Amino acid sequence: MFLIVTKYLIPKGYRGLTAFPFVFVKYRSDKENAIFLNHEKIHLRQQLELLILPFFIWYFLEYLVRLVQYRNRHLAYRNISFEREAYDNELNLAYLKSRSILRFTKYLSLHK
């Protein structure tokens, strides 16, 4: 994992962006934030499992589905299966040690 601090690549309203093997962070302080970094490491694992490019295609398509479902950009983002897995497990710093392969699929079910 390569950490790069840049405010220009991060969309407004977000603190980080992960594109294997890079984690781009908006704030230098996030380089030391274990919970934030764990969230991004979960995304790195997801990207590796799906061979990177399919991850981004799936992510974008699922975002569109969630946008139709929720009619709200923030809710659509928060309900993408990859984000749900990362947010649900970011506090567990040992999560990646026991995480099963393709675990994000557990989070595909729709919620209102």
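Counting only chymotrypsin sites (Phe, Trp or Tyr not before Pro) that DSSP places in a loop and that have at most 15 other Cβ atoms within 10 Å, the longest clean stretch of the chain runs over 28-112. Only aspartates and glutamates eight or more places from Lys7 in sequence, or on another chain, were considered; those with a Cα closer than 15 Å are Asp30. The modelled label-to-label distance between Ala94 and Lys12, using points 7 Å beyond Cα along the C-beta direction, is 4.3 nm. Neighbour counts of C-beta atoms inside 10 Å place Asp88, Asp30 in the sequence Asp88, Asp30, starting with the fewest. Taking other C-beta atoms within 10 Å as the exposure proxy, Thr105, Thr18 rank Thr105, Thr18 from fewest upward. Listed by chain and number, the lysines placed with their C-alpha closer than 22 angstrom to that of Lys106 are Lys41, Lys97; residues fewer than eight positions away on the same chain are left out. The magnitude of the dipole of the chain, with charges of +1 and -1 set on the Cβ of Lys/Arg and Asp/Glu and taken from the Cα centre, is near 280 debye. Extension gain for Leu67 to Ser109 (0.36 nm times residue separation, less C-alpha to C-alpha distance): 13.6 nm.
Rank these for me by crowding, Val68, Val5, Val23, going from fewest to most other beta carbons within 10 Å.
Val68, Val5, Val23
What is the chain by shape, rounded, prolate or oblate, if you read a ≥ b ≥ c off the alpha carbon gyration tensor as root eigenvalues and call it rounded for a/c under 1.5, prolate for a/b larger than b/c, and oblate otherwise?
oblate
Each reported figure results from applying straightforward, stated rules to the coordinates on display, with no laboratory input. Predicted model only: the values in this text are computed from it and were never measured. Ideal geometry is used to build each Cβ from the backbone, glycine not excepted, and the neighbour counts take in all protein chains shown.
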